[in-house]
Amino acid sequence: MTDRTAILDTLRTQIEPFNKKGVAITEATSFQGDLEWDSLTVMDFVAAIEDEFEIIITMNMQAEIENVGQLADAVEKLKG
Amino acid sequence: MTETGLQSEKLPAEPAAAPVAHDLFAKFDPLLAEREALMSSGVRDPFGIVMEQVTSPTTAVIRGKETILLGTYNYMGMTFDPDVIAAGTRALEQFGSGTNGSRMLNGTFRDHVEAEDALKEFYGASGAIVFSTGYQANLGTISTMAGRGEYVILDADSHASIYDGCKMGDAEIVRFRHNSVEDLDKRLGRLPKEPGKLVVLEGVYSMLGDIAPLREMVQVAKKHGCMVLVDEAHSMGFFGEHGRGVYEAQGLVLGEDVDLVIGTFSKSVGTVGGFCISNHPKFEGLRFSCRPYIFTASLPPSVVATAATSVRKLMTAHDKRARLWDNARRLHAGLKGLGFALGTETCDSAIVAVILQDQAQAVVMWQALLEAGLYVNVARPPATPSGTFLLRCSICAEHTSDQIDRIITMFASAGRLAGATK
């Protein structure tokens, strides 16, 4: 399993408790459009991801991340 | 411009259709629809209250009805203090109605300096900068103190002015879970060591009225080499020996533990304006770099004169401080006794937040209180934490025992009506 696949698997697990509509998760799934998360949900989710990977996703970076694939890219980069 | 460049010699076969103007107002549709639905249920507009007369720090006339004010942040009741009013009146007569200019150019009058001197004395600080509002004090200080490549670390429940200060600046922004010392520590530990960092905290968080564990948070911030800013907007005048705020009440020292304190004139001081104070030797550098300080008109002379007088009186307002705490504790205990869910288990500040189920219940209850003659604030997401709907009470030192009793009685019947209590 590549690093990226592993990251995506973990992201899916982390998204699950917040996935109230049961949306199928692909790299193209967007947090606002598809999952319809509000800012409070995003905040809780980001904190969970940060703790899972022991990274910091600054609010500046968060503003650029719209979908699962972009989040996986960011995590990959931040994990260095 | 006189150059028009090459012109085509004939008209295109089919003229391009004029672009359809995109209605930028369309983005307000959901908000307007929500508001219309609420209003059509027959309730009064919680965001359209007009005070026809204000008769004291604790009473006003709203739609012809004498109403007790319990949502004004007029904690120390300074708005009708005779010395404060006299100082404002004198300044209005001597210096005119406004300054017509920036603090940096023609907008600094005697009383702007006087207000800064009063603040320096109040806080025992070497530097004070007065801004035109508290909002601008946060906006300007945060956006200017943390630059590109540096970090601002803020509590998730921070006031909008703190968030906006972050947005306006060029720094990297990191958020930690509300009042969680452990979460702050963890996040600071993940940041690169080298860049400068500003941790932004509030003494009292105004939505629920809870206070921050500043002592522990500052300890963590200093361990990681950060500077600390504390917004004490909702604590000035009645926390700590000199009324300097929660940081003082928790035994922290300006210049050692806390680098910058932000405050406002619009709450305990009883007028309008904001400020930043510090003991840092290079503090004046902020004044010369801060856009929300430079590129706006300064406060009118009457405002800064009232502020200076009020700040000086707050230094020794021990009786008012005691009365405020007494009132706050009585109200908190009274509402708790009625069975309301409150923002804090104990009376931690001069804000008592009643937590309700949803917007409908909040507005029904708010209206019942208003009709009985009591004004409180309605607060809703996104201003509130965790999507809660609140009725927020802010207590004044000038509320009488009789008013507090009446307030509790009014809450008892409104709570039953709205189904918030049994």
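Structure summary
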| quantity | calculated |
| --- | --- |
| Some residue of the stretch B:157-176 being outside any strand (DSSP E or B), at the interface with chain A (Cβ under 8 Å from one of its Cβ atoms) and at pLDDT below 95 | no |
| Of the criteria (1) within 14 Å of another protein chain (Cβ to nearest Cβ); (2) out of contact with any helix residue (DSSP H, G or I) (no Cβ under 6 Å at 6 or more places or on another chain); (3) within 30 Å of B:R380 (Cβ to Cβ), which one B:G77 fails | (1) |
| Some residue of the stretch B:314-328 being more than 30 Å from B:I407 (Cα to Cα) and within 20 Å of the chain's Cα centre (by Cα) | no |
| Residue that is farthest from the other protein chains (Cβ to nearest Cβ), among those in the stretch B:177-190 that are of a type in the set (A, V, I, L, M) and surrounded by 21 or more Cβ atoms within 10 Å (Cβ to Cβ) | B:L184 |
| Hits in the stretch B:137-156 (condition: at the interface with another protein chain (Cβ under 10 Å from one of its Cβ atoms) and β-branched (V, I, T)) | B:V152, B:I153 |
| Every residue from the stretch A:36-48 that is of a type outside the set (F, W, Y) and more than 7 Å from chain B (Cβ to nearest Cβ) | A:E36, A:D38, A:T41, A:V42, A:D44, A:V46, A:A48 |
| Listing of helices (runs of 4 or more DSSP H) fully contained in the stretch B:288-361 that carry 3 or more residues being crowded, with 17+ Cβ neighbours inside 10 Å | B:301-314, B:318-337 |
| Listing of helices (runs of 4 or more DSSP H) fully contained in the stretch A:1-76 that carry 3 or more residues being out of contact with any helix residue (DSSP H, G or I) (no Cβ under 6 Å at 6 or more places or on another chain) and over 24 Å from B:V174 (Cβ atoms) | A:3-15 |
| Among (1) assigned to a loop (DSSP other than H, G, I, E, B); (2) out of contact with any helix residue (DSSP H, G or I) (no Cβ under 6 Å at 6 or more places or on another chain); (3) within 14 Å of chain A (Cβ to nearest Cβ), the one test that B:E194 misses | (3) |
| Condition broken by B:G419, with the remaining ones in (1) at positive phi; (2) touching a residue at least 40 places away in the same chain (Cβ under 8 Å); (3) within 14 Å of chain A (Cβ to nearest Cβ) satisfied | (3) |
| Residues of the stretch A:49-77 that turn out to be of a type outside the set (V, I, T), in contact (Cβ under 8 Å) with a residue 12 or more places away in the chain and more than 11 Å from every other protein chain (Cβ to nearest Cβ), as a count | 8 |
| Residue check for B:V258: farther than 15 Å from B:E121 by Cβ and under 21 Å from the mean Cα position of the chain (by Cα) | yes |
| The stretch B:371-407: number of residues that are surrounded by 16 or more Cβ atoms within 10 Å (Cβ to Cβ), of a type in the set (V, I, T) and more than 14 Å from chain A (Cβ to nearest Cβ) | 5 |
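The values are calculated or read from the model by the stated rules, or taken from the named source; none is laboratory data. None of these values were measured; they are calculated from a predicted model. Note that we place each Cβ from the backbone using ideal geometry, even for glycine, and neighbour counts take in every protein chain shown.
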